[in-house]
Structure formats: structure tokens, C-alpha cells
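Student: Pasting a structure here, questions to come.
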Amino acid sequence: MEAEFLALEGEFTIRQGTELIEYTRISDIPEKFDHVIKFCPKNPEEPHDVNDHIKMSRFTDYLHMLQAREQK
């Protein structure tokens, strides 16, 4: 699941100090930061198959993994 997490793309914003920093790939987000502000992973193209639904069902887990890196 870690490889899928690191490959995730979308719109992600974190707060580091007073700065909001935007990313399009989770793998680019630093290991430590203050807070997750925006977590909008890109959904697979439609029509979705069973594997796509499995991947999308993990988005909440990925958010929790990202939140575990928050420092404040």
C-alpha cells in the first residue's frame, strides 16, 4: 500500500508555519509539516472497474497516513 500511497496524484495543500504549499504528488510532500489543509486525490478515469473502486476506497487511509506526519 505504501507504493500506491506515494504514487497518488491530485491536489494537496499543507501548512508549514504561515505558508500554504500546494503539491500535485503526495511523494513530493515533506515527511514533517504542520497541517494538511487540502486532500483531493485524483479519481481514476471512468468507467471505474473493481480495481479502481478498491484504490478509491483507500483514500481515507492515505489521508490518515498523511495526517500522521503532521507536527502540530
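Student: Restricting the search to region 12-24, which residues are touching a Phe, Trp or Tyr at 6+ places or on another chain (Cβ under 8 Å) and exposed (fewer than 13 other Cβ atoms within 10 Å of the Cβ)?
Tutor: Within region 12-24, Glu22, Thr24 meet the criteria.
Student: Taking the options Glu11, Glu31, name whichever one is among the acidic types (Asp, Glu), touching a Ser or Thr at 6+ places or on another chain (Cβ under 9 Å) and in contact (Cβ under 8 Å) with a residue 24 or more places away in the chain.
Tutor: Values: Glu31 fails: touching a Ser or Thr at 6+ places or on another chain (Cβ under 9 Å).
None of the others qualify; the one that does is Glu11.
Student: Separate question: State all residues of region 33-71 that are loosely packed, with under 10 Cβ neighbours inside 10 Å and either under 19 Å from Glu22 (Cβ atoms) or touching a Phe, Trp or Tyr at 6+ places or on another chain (Cβ under 9 Å) (or both); if no residue qualifies, say none.
Tutor: Result: Gln71, single match.
Values in this text are rule-based calculations from the coordinates and carry no lab data. This is a predicted model, so every value here is computed, not measured. All Cβ positions, even for glycine, are placed from backbone atoms using ideal geometry, and neighbour counts span all protein chains on display.
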